[in-house]
Amino acid sequence: MTEHTKTDGLPAMDLPPNADIGLGKAPPRNDRMSVAKVECNACPVLCQISDGRTGACDRYANRDGVLVRVDPVVLLRRELAADEPALVPFLRAGGEEARDGDAPAWRGDLLHADGVFVTGVGSSTTYPDYKPAPFIVGSQARGVDMVTVVTEGIFSYCSFKVKIDTDRFLGAEQANVRYRGEVVGHVTTAEYGSQMLSLGGVHHLTGGSKKEGRMTVELMQKLGNKQPVECTIDGGANLVVQAGRAPIVNGVEEQRMRVGCGSAAVGIFARQFAGVADEVVVVDDHITGVLTEHQAGRCLDMPPSGIHMHGRKSTPGRYFQVANPGDGWGGTDIADPLSIIESWEEGVARPGLRLLMTSTTGEHAQWYVLDEALRPVEQPMPEEVRRIVERIGENCEPSLCSVLFLGGAGGSLRAGVTENPVLLTRAIKRALVNVTCGGAPAYVWPGGGITVMADVMRMPDNSFGTVPTPAIVAPIEFSMRLSDYAALGGHVDHVFPLAQALARGAWQDDGAPLALRWQRADDANPWPLGQPPMLG
């Protein structure tokens, strides 16, 4: 018994006592299969893999007759010295050979530091889930015995929600999004200052042609692994999307996310405009704002300018549908802002009236003065007005693409956690279980099942894989108190201390990873252990 297991209350077995009871491999489906091949049972494809080769997913291989997980399992550490080895072989049959400099300094005081977390990245799967998850790790957090159940889930019911910070018109709602000619998703409702896409999902993965499924899973894997993808929208734009990077719309890299709609921009900067302009129109595809009619202008006692706008008046100073959506001013299709002005009311408008027209990002802005015939004539913009326009731009957030993984984990995956799966679901809903994806916090949706959503930028690089069914492979971890794990019918006989996970890896030998890779935990993420779960 090691010192660690004396203090954490966990059993000190090298392997779970009943690891071999009914948990081995299924017999080969084909009696004529070559003895030199091994059958991979990590997914429904059941590849028969020759020695030295990998399966169809490139995640599992036959090494000297043993099925192994090719990639190392990723472990997070709160602190990681630069001179420590990043890749460390496990002490198990078929394990990677230690290299020079791979001194096992990592097995020491970390065990008491509450600074190690086993992620699902590279951990291997248990599909079909008739046996416990590959890693069910016991550790301590702030003196409390904890358990983390770790696996790589196979998700057919999953998608990516993509938020694209731009006011450019990308496509009509419900328009198809295509990747390499195949429909892989659709445009969904725009959110404030952003266009939204829903990509992937079971309908495209399995409900269409084989090519549609292949293209969908290829796009999803690239998006999840923070790689760029190019797609087109029927009747809309050509896009290059990459998590954490600015979108490229029709070949132009977007720069700014709008500060708000036209009405919001009027309200934000109304006091600064008062006294330096007689009228301000903030052009926006959604709500175009007119300062003197707007409540903000009225509160500042600004007299009406006599301007009459095209479009549908919603409330004072707020106009809908002044133009069609496009990639011009404020996300409209106009290049000349004066085209949205219908007329000027005689007796109210006056020669010399000063008019500013600007977009919601300040990228487009022009200054006009009415002549004797009440026609706007473009003039050089005064410096005090230009500073306000520049401030609009200064208040815009940089445009980014945000990619969120959304997956349903309420299926058989739960059987790798507990013998009574519904108890896991109930425990999650009671906030007893912290669900993470590669150590990143996961938002758990309300309602039935376990539907989680995580920002791929907070997950380790290359967290996502695929299987040819087709489906996405993604890491998922369930962390909870040891007592709660026992209460929900967990596989407590397969809980093994963190020290043993560090030494030999997964409890099972079939398809297990041969090495671990250290990675420093993302400072933006709360430490997965000892934290309240992120719930809806």
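The values are calculated or read from the model by the stated rules, or taken from the named source; none is laboratory data. Computed from a predicted structure; not experimentally measured. Backbone-built Cβ (ideal geometry, glycine too); neighbour counts: all protein chains shown. Accessible surface is based on the protein model in full, side chains and every heavy atom, while ligands, DNA and RNA are left aside. Shrake-Rupley method; radii C 1.70, N 1.55, O 1.52, S 1.80 Å.
Odds and ends about this structure:
- The set of residues in region 44-84 that are of a type outside the set (Val, Ile, Thr), within 21 Å of Asp129 (Cβ to Cβ), open to solvent by less than 50 Å² (accessible area, probe 1.4 Å) and touching a residue at least 60 places away in the same chain (Cβ under 8 Å) comprises Cys57, Arg59, Tyr60, Leu67, Arg69.
- When we screen Thr418, Thr469, Thr436 for residues that are more than 30 Å from Arg168 (Cα to Cα) and under 22 Å from the mean Cα position of the chain (by Cα), the only hit is Thr436.
- Long-range neighbours under 8 Å by Cβ, at least six apart or interchain, first residue in contact (Cβ under 8 Å) with a residue 60 or more places away in the chain within region 369-390, second part of a loop (DSSP other than H, G, I, E, B) and of a type in the set (A, V, I, L, M, F, W, C): Pro382/Val276; Glu384/Val276; Val385/Val276; Ile388/Val276
- Checklist (1) of a type in the set (A, V, I, L, M, F, W, C); (2) closer than 21 Å to Val385 by Cβ; (3) open to solvent by less than 60 Å² (accessible area, probe 1.4 Å); (4) more than 36 Å from the chain's Cα centre (by Cα) applied to Val348, failing item: (2)
- Filter pass, Gly317 being of a type outside the set (A, V, I, L, M), at positive phi, open to solvent by less than 60 Å² (accessible area, probe 1.4 Å) and in contact with a His (Cβ under 7 Å, 6 or more places away or on another chain): yes
- In region 467-494, residue surrounded by the fewest Cβ atoms within 10 Å (Cβ to Cβ) [restricted to those that are in contact with a helix residue (DSSP H, G or I) (Cβ under 6 Å, 6 or more places away or on another chain) and within 17 Å of Asp58 (Cβ to Cβ)]: Pro470
Listed here are the residues, each with its yes/no results for (1) acidic (Asp, Glu); (2) within 31 Å of the chain's Cα centre (by Cα); (3) farther than 18 Å from Leu413 by Cβ.
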| residue | (1), (2), (3) |
| --- | --- |
| Ile476 | no, yes, no |
| Asp484 | yes, yes, yes |
| Val492 | no, no, yes |
| Gln500 | no, no, yes |
| Gly505 | no, yes, yes |
| Gln508 | no, yes, no |
| Ala521 | no, yes, yes |
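- Elements of the type strands (runs of 3 or more DSSP E) sitting completely within region 38-156 and holding at least 1 residues that are of a type in the set (A, V, I, L, M) and at pLDDT 90 or above: these cover 60-63, 66-69, 73-77, 116-118, 135-141, 144-155.
- Residue count, region 274-308 (criterion: under 25 Å from Pro380 (Cβ atoms) and surrounded by fewer than 20 Cβ atoms within 10 Å (Cβ to Cβ)): 5
- The test for being closer than 20 Å to Met381 by Cα, under 41 Å from the mean Cα position of the chain (by Cα) and in a loop (DSSP other than H, G, I, E, B) holds for Ala335.
- Of all residues in region 273-285, those satisfying the criterion of being in contact with a helix residue (DSSP H, G or I) (Cβ under 8 Å, 6 or more places away or on another chain) and closer than 14 Å to Thr358 by Cα are Phe273, Ala277, Val280, Val281, Val282, Val283, Asp284, Asp285.
- Test: residue in region 234-250 that is open to solvent by 60 Å² or more (accessible area, probe 1.4 Å) and within 16 Å of Ala454 (Cα to Cα): no
Quick grid of which residues meet (1) among the polar types (S, T, N, Q); (2) outside any loop (DSSP other than H, G, I, E, B):
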| position | (1), (2) |
| --- | --- |
| Thr292 | yes, no |
| Gly297 | no, yes |
| Pro303 | no, no |
| His308 | no, yes |
| Lys313 | no, yes |
| Glu342 | no, yes |
| Leu356 | no, yes |
| Thr361 | yes, no |
| Tyr368 | no, yes |
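- Region 326-338, residues that are open to solvent by 60 Å² or more (accessible area, probe 1.4 Å) and in contact (Cβ under 8 Å) with a residue 12 or more places away in the chain: Asp327, Asp333
- Taking region 515-536 as the range and being under 15 Å from Val70 (Cβ atoms) and either at pLDDT below 90 or open to solvent by less than 10 Å² (accessible area, probe 1.4 Å) (or both) as the test, the residues that pass are Ala515, Leu516.
- Listed by first and then second residue, the pairs linking a residue in region 152-163 that is farther than 21 Å from Thr119 by Cα to a residue that is modelled with pLDDT under 95 and open to solvent by less than 10 Å² (accessible area, probe 1.4 Å), with Cβ atoms under 7 Å apart and 6 or more places separating them unless they lie on different chains, are Lys163/Ser194.
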